[in-house]
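Let me begin by presenting the structure, written as structure tokens, before commenting on it.
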Amino acid sequence: MSLMTRTVAAPLLLLSLALASCASTPNPGNETDRSLLHIRTSGAIADFKAQDPSMDAVFKDAYAYAVFPRIVTAAVGIGGAHGDGEVYQKGQFVGYADVTQASVGAQLGAQRYAEIVFFQNESAFVEFKYGSMEFDARATAVAASEGAATAANYRHGVLVFTLPESGLMAQAAIGTQKFRFEPAKP
């Protein structure tokens, strides 16, 4: 990818992320999109557990969790990321979510990764559901690896794990992730 293409691509990505975040709820797409998202979510959960078998206890003990099987991020000075996911409470599917991230700083590259946000209690989950949860998950995330779940601790009722899928990102930036939730239709 040429420098000019990257220079144009990054602002366009941020603009599209900004426009996508204007809607009040995530758009899980049509039935085919939702089915594909569910397959990817199930695969991501299996990948996290395979990477660290002790994570099974975190899934069982969490009040709720949001699984984003594929977050795509790109940056050239200014960065952005987006991903869609499914949300579970006590192991039962309760809705859809999306995450949008913006960052600025010394950064270059593109990456695809999975992320799981665990909620320790009802209070943390309610903040997530009503859109008042916003943070830089990169600063608090635990890279999924053998035994990582046994040493990880909740911070403000939230525990975040990431698992890189592909790509390379060199980054020294600040930013934030914004989450949106849509309950499942009965």
Query raised in the report: HN-Hα J couplings of segment 47-57 from phi, Karplus 6.51/-1.76/1.60, θ = phi - 60°, integer Hz, Gly and Pro as x?
Result: 5, 4, 5, 5, 5, 8, x, 5, 5, 3, 5
Report summary line: The residues ARG40, ARG34, ARG180, sorted from fewest to most surrounding Cβ atoms within 10 Å, come out as ARG34, ARG40, ARG180
Requested in this report: Quick one: net charge around LEU163, please, counting Lys, Arg +1 and Asp, Glu -1 for every other residue with C-beta under 9 Å from its C-beta.
Outcome: -3
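Quick note: the coordinates plus some simple rules give every number you see, no bench work behind them. Since the model is a prediction, treat every value here as computed from it, not as a measurement. Note: ideal-geometry Cβ built from the backbone for every residue, glycine included; neighbour counts use all protein chains shown.
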